Amino acid sequence: MKSLADQYEPRSVVFLGIHTADGDMQQINKLKKSMGWDTPTGIDKGTSITDSKTADAYGVTGFPGIVIIDTEGDVAFHTGILPKDMKVFMAGMEQLAKANDIA
């Protein structure tokens, strides 16, 4: 995502990070810092991953999910696909979290 932002932000493309309603900004900011990611980031409305308003509105079923909205406000693309191998994906996420002292 960082390389995409580096490439497209100069062309007036805006990148936003929206985390599920049960996200923890301290943990999110640790991860952002470790990745060199400085995009504006926030927490979705709702109470948990199961009722995050933006994720529901855009049909995000896998995390992380990517949604591209064009200048007209229409969804041009979204992943909407769960990782092919959830065990491998989660092991990678756990390894990244551990390397950055994130619970």
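In debye, nearest 20: dipole of the chain around its Cα centre with unit charges on the Cβ of K, R (+) and D, E (-)?
320 debye
Net charge in the neighbourhood of THR50 (other residues with Cβ under 11 Å of its Cβ; Lys, Arg +1, Asp, Glu -1) is -3. Which of [x] 0.95; [y] 1.22; [z] 1.05 is the computed Rg/Rh (Cα atoms, Kirkwood Rh) for the structure on display? Correct label is [x].
For ILE43, which sequence-distant residues (separation of 5 or more, or a different chain) have an amide H within less than 5 Å of its own amide H, given hydrogens modelled in the peptide plane? Here the answer is HIS19, since their amide H atoms fall under 5 Å of that of ILE43. In summary, the lysines within cross-link reach of LYS87, defined as a Cα separation below 26 angstrom excluding same-chain residues under 8 places away, comprise LYS2, LYS30, LYS32, LYS33, LYS98.
Under the rule that an exposed site lies in a DSSP loop and has at most 16 other Cβ atoms within 10 Å, name the longest stretch of the chain with no trypsin sites (Lys or Arg not before Pro) of that kind, not counting the sites themselves. It runs 1-44.
Here, each number is a calculation from the coordinates, and none is a lab measurement. Keep in mind that what you see is a predicted model, and the values were worked out from it rather than measured. Neighbour counts are summed over all protein chains in view; Cβ atoms, including those assigned to glycine, are modelled from backbone coordinates with ideal geometry.
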